[in-house]
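Visitor: Dumping the structure here so I can ask a few things about it.
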Amino acid sequence: MPESQPRAPAPPAVSPREIRMIPFIVGCALFMQMLDSTVVATALPAMALDFGTTVVHMNITITSYLLATAVFVPVSGWAADRFGARTVFLAAIALFTLSSIACAASGTLGQLVAARLAQGAAGAMMVPVGRIILLRRIPKAELLKAMAFLTIPALLGPVIGPPVGGFLVTYASWHWIFLINIPVGLLGLYMVRRWIARDVPDSRPRLDMAGFLLSSVAMAALMTCLEAAGHGGLGAGPTLGLLGLGLACGVLYVRHARHAAYPIIDLSLLRIRTFAVSVLGGNLCRFSIGASPFLLAILLQVGFGLSAFSAGMITFTSAAGAMLMKLVATPIVRRFGFRRVLVVNALIAAAFIAACALFRADTPVWAMVAVLLVGGFFRSLQFTAVNALTYADLDAAQMSRASSFAATAQQLGISLGVACAAMTLNFSMALRGGIAPDRIDVMWGFAIIALTVAASALSFARLPARAGHALRTRD
């Protein structure tokens with residue numbers, strides 16, 4: 001007999017204060033992870049000097065984190081169902097904080113890599129499980145507003161990471177890029193214990209070990225392949241080998257998931273149109289999350305000769321646009337509906353990404369700030385709408401599986417965006433025989449990313465006119 005799907009525990013009634021606090025708590029965890037994942041790159045030269053190695057070799061501190069995250073994200077939904085979402089969330093925040101301390105205290109590169117692996121495993125559990133708590137505790141009528149708040153830290157992290165990292169490395173030391181996680185982690189632990197009620201699962205499903213191994217190898221191989229393809233670090237042979245391994249394990253997992261009683265990534269969720277469209281179209285939009293800061297950093301620092309801190313202060317303005325979005329996203333979606341907003345806004349967001357390709361060394365700072373400010377607003381509106389719509393037609397028992405599925409897809413989407421931008425840069429440089437990125441190379445990078453975001457409109461156009469109607473209803 002196949003094992004039945006676990007039932008989500010029936011949570012106690014949620015007070016209005018909890019409805020306001022839970023998105024803030026989960027947002028703090030998301031911000032801590034997104035900031036940490038972007039701030040390390042700025043500190044690599046200083047870290048390489050301390051450890052007596054090269055910047056290229058120090059890149060393992062980034063890839064080790066990404067690998068651990070890719071391996072453990074699929075298992076987050078099972079862990080929440082097996083041990084309780086609140087318990088796993090607390091443990092993940094604690095491990096992330098402790099591993100941050102271990103990173104700062106590392107005396108060798110091996111110790112740092114081990115600490116980063118632990119940090120990546122904690123991050124893989126922390127954000128998806130926090131989202132499960134939000135989805136289970138927040139009424140659907142309030143979900144759009146909660147997602148509007150939760151979108152902000154996801155956009156803030158990649159934007160403020162470079163200037164924060166540059167400031168700390170310049171005026172303190174690289175150790176502080178990890179130590180800044182301590183107060184945020186301690187605050188998170190207190191807030192979870194104070195505001196999130198304990199949940200006791202009605203059933204304790206067994207871990208789909210075969211699915212876990214197949215999905216882990218597939219994700220790890222594909223993530224490493226994307227990283228190598230973007231930066232040319234492994235060569236064509238090993239990169240193609242990783243691609244083949246990742247695709248083969250992915251195909252085997254699809255075959256396995258059709259017959260598994262409780263698959264680690266539940267592909268049957270793709271039968272729900274709003275979920276399937278949100279995952280596909282949303283991931284095309286997410287190409288811009290990692291790619292835009294990456295391309296802007298190269299354009300402003302390498303192309304225009306600005307310092308890391310000065311460039312970061314310009315790109316930070318897109319975060320202000322994200323903050324403004326929080327005030328109007330809910331009324332906009334309720335007025336025009338998800339399908340219309342997502343289709344039209346995808347084209348608007350793509351236009352502002354393409355506008356970044358027009359930046360020149362003599363472009364006034366105010367003009368760049370204006371483009372980034374308004375572009376940040378529309379991108380944030382897009383992510384708010386798509387993140388809420390992902391869970392519009394799911395019941396409570398499906399939330400944990402949907403969260404781990406969506407988190408796995410998002411991880412791939414962001415990595416694909418960075419790899420796509422890096423490969424475009426390398427291809428453009430090869431065509432013109434350049435050895436360093438120039439403005440024309442970055443221009444092509446922005447153009448390709450803008451096209452992928454615009455292409456998401458085709459996916460969103462498949463939504464029914466009343467998609468997400470329950471999320472637009474106040475009562």
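Visitor: Which one of Ala122, Ala94, Ala68 is modelled with pLDDT of 80 or more, part of a helix (DSSP H, G or I) and open to solvent by 20 Å² or more (accessible area, probe 1.4 Å)?
Guide: Answer to the selection: Ala94.
Visitor: Ok, one more. Inspect the stretch 311-322 for any residue being touching a residue at least 24 places away in the same chain (Cβ under 8 Å), in contact with a Phe, Trp or Tyr (Cβ under 6 Å, 6 or more places away or on another chain) and open to solvent by 10 Å² or more (accessible area, probe 1.4 Å) and give the result as yes or no.
Guide: no
Visitor: Here is a follow-up. What are the residues in the stretch 231-264 that are of a type in the set (A, V, I, L, M, F, W, C), touching a residue at least 60 places away in the same chain (Cβ under 8 Å) and open to solvent by less than 20 Å² (accessible area, probe 1.4 Å), if any?
Guide: Ile264
Visitor: Which condition number in (1) under 27 Å from Ala91 (Cβ atoms); (2) surrounded by fewer than 16 Cβ atoms within 10 Å (Cβ to Cβ) is the one that Ala172 fails?
Guide: Only one criterion in (1) under 27 Å from Ala91 (Cβ atoms); (2) surrounded by fewer than 16 Cβ atoms within 10 Å (Cβ to Cβ) is unmet by Ala172, namely (1).
Visitor: If you take the residues in the stretch 399-452 that are among the polar types (S, T, N, Q) and at pLDDT 85 or above, which one is nearest to Leu243 (Cα to Cα)?
Guide: Thr424
Visitor: To continue, here is another question. Pairs only if they're at least six apart or on different chains, beta carbon under 6 angstrom, first in the stretch 130-154 and at pLDDT 75 or above, second of a type in the set (Phe, Trp, Tyr) and assigned to a helix (DSSP H, G or I); list them, first residue then second.
Guide: Gly130/Phe89
Visitor: Inspect all residues belonging to the stretch 372-385 and state whether any of them is hydrophobic (A, V, I, L, M, F, W, C) and either closer than 30 Å to Asp199 by Cα or not in a helix (DSSP H, G or I) (or both).
Guide: Within the stretch 372-385, one or more residues are hydrophobic (A, V, I, L, M, F, W, C) and either closer than 30 Å to Asp199 by Cα or not in a helix (DSSP H, G or I) (or both).
Visitor: To continue, here is another question. Name the pairs whose Cβ atoms lie under 7 Å apart, with the first residue in the stretch 103-125 and free of Cβ contacts under 8 Å to residues at least 40 places away in the same chain, the second part of a helix (DSSP H, G or I) and open to solvent by 30 Å² or more (accessible area, probe 1.4 Å), and 6 or more positions between them or separate chains?
Guide: Ala115/Ala102; Ala122/Leu95
Visitor: In the stretch 373-398, which residue that is small (Gly, Ala, Ser) and within 13 Å of Ile332 (Cα to Cα) is modelled with the highest pLDDT?
Guide: Filtering first and then ranking leaves Ala385.
Visitor: Something else now. Look at Phe149 and say whether it is of a type outside the set (Asp, Glu), in contact with a Gly (Cβ under 7 Å, 6 or more places away or on another chain) and open to solvent by 20 Å² or more (accessible area, probe 1.4 Å).
Guide: yes
Visitor: Given the conditions (1) more than 22 Å from Val200 (Cα to Cα); (2) buried (at least 21 other Cβ atoms within 10 Å of the Cβ); (3) not hydroxyl-bearing (Ser, Thr, Tyr), which single one is not true for Ile60?
Guide: Result: Ile60 fails condition (2) only.
Visitor: Do we find that Ser415 is open to solvent by less than 40 Å² (accessible area, probe 1.4 Å), under 27 Å from Asp441 (Cβ atoms) and part of a helix (DSSP H, G or I) in this structure?
Guide: Here the answer is yes, as Ser415 does meet what is asked.
Visitor: Now for a different question. So which of Thr274, Thr224 is polar (S, T, N, Q) and farther than 30 Å from Arg339 by Cα?
Guide: Going through Thr274, Thr224 in turn, the sole match is Thr224.
Visitor: Might you let me know whether the stretch 273-285 holds any residue that is without any contact (Cβ under 8 Å) to a residue 60 or more places away in the chain, assigned to a helix (DSSP H, G or I) and either surrounded by 17 or more Cβ atoms within 10 Å (Cβ to Cβ) or under 24 Å from the mean Cα position of the chain (by Cα) (or both)?
Guide: Yes, the stretch 273-285 contains a residue that is without any contact (Cβ under 8 Å) to a residue 60 or more places away in the chain, assigned to a helix (DSSP H, G or I) and either surrounded by 17 or more Cβ atoms within 10 Å (Cβ to Cβ) or under 24 Å from the mean Cα position of the chain (by Cα) (or both).
Visitor: So, in the stretch 418-468, of the ones that are under 23 Å from Leu270 (Cβ atoms) and more than 26 Å from the chain's Cα centre (by Cα), which residue ends up most open to solvent (accessible area, probe 1.4 Å)?
Guide: Out of the qualifying residues, it is Arg466.
Visitor: Please go through the stretch 301-319 and give me each residue that is in a helix (DSSP H, G or I), over 19 Å from the mean Cα position of the chain (by Cα) and farther than 17 Å from Trp444 by Cβ, ordered by number.
Guide: Within the stretch 301-319, Gln301, Ala308, Phe309, Ser310, Ala311, Gly312, Met313, Ile314, Thr317 meet the criteria.
Visitor: Which members of the stretch 425-464 meet the condition of being part of a loop (DSSP other than H, G, I, E, B) and closer than 16 Å to Gly303 by Cα?
Guide: Result: Gly434, Ile435, Ala436, Pro437, Asp438.
Visitor: Now, a different point. Can you name the number of the only condition in (1) under 23 Å from the mean Cα position of the chain (by Cα); (2) over 28 Å from Arg462 (Cβ atoms) that Leu269 fails?
Guide: Leu269 satisfies all of (1) under 23 Å from the mean Cα position of the chain (by Cα); (2) over 28 Å from Arg462 (Cβ atoms) except (2).
Visitor: A further question follows. Kindly state which helices (runs of 4 or more DSSP H) lie completely within the stretch 172-258 and contain at least 3 residues that are of a type outside the set (A, V, I, L, M) and over 29 Å from Arg82 (Cα atoms).
Guide: Per the criteria, 209-231, 236-257.
Visitor: Could you say which residue among Ala329, Ala346, Ala297, Ala396 is surrounded by fewer than 17 Cβ atoms within 10 Å (Cβ to Cβ) and either touching a Cys at 6+ places or on another chain (Cβ under 9 Å) or touching a residue at least 60 places away in the same chain (Cβ under 8 Å) (or both)?
Guide: Of the residues listed, the single one that is surrounded by fewer than 17 Cβ atoms within 10 Å (Cβ to Cβ) and either touching a Cys at 6+ places or on another chain (Cβ under 9 Å) or touching a residue at least 60 places away in the same chain (Cβ under 8 Å) (or both) is Ala396.
Visitor: Next question. Only one of Arg82, Arg7, Arg17 is at pLDDT 80 or above and open to solvent by 40 Å² or more (accessible area, probe 1.4 Å). Can you tell me which?
Guide: Arg82
The values are calculated or read from the model by the stated rules, or taken from the named source; none is laboratory data. All figures in this text were calculated on a predicted structure; none of them were measured in a lab. As a convention, Cβ positions derive from the backbone with ideal geometry for all residues, glycine included, and neighbour counts pool all protein chains shown. Note: areas computed on protein heavy atoms with side chains; ligands, DNA, RNA excluded. Shrake-Rupley method; radii C 1.70, N 1.55, O 1.52, S 1.80 Å.
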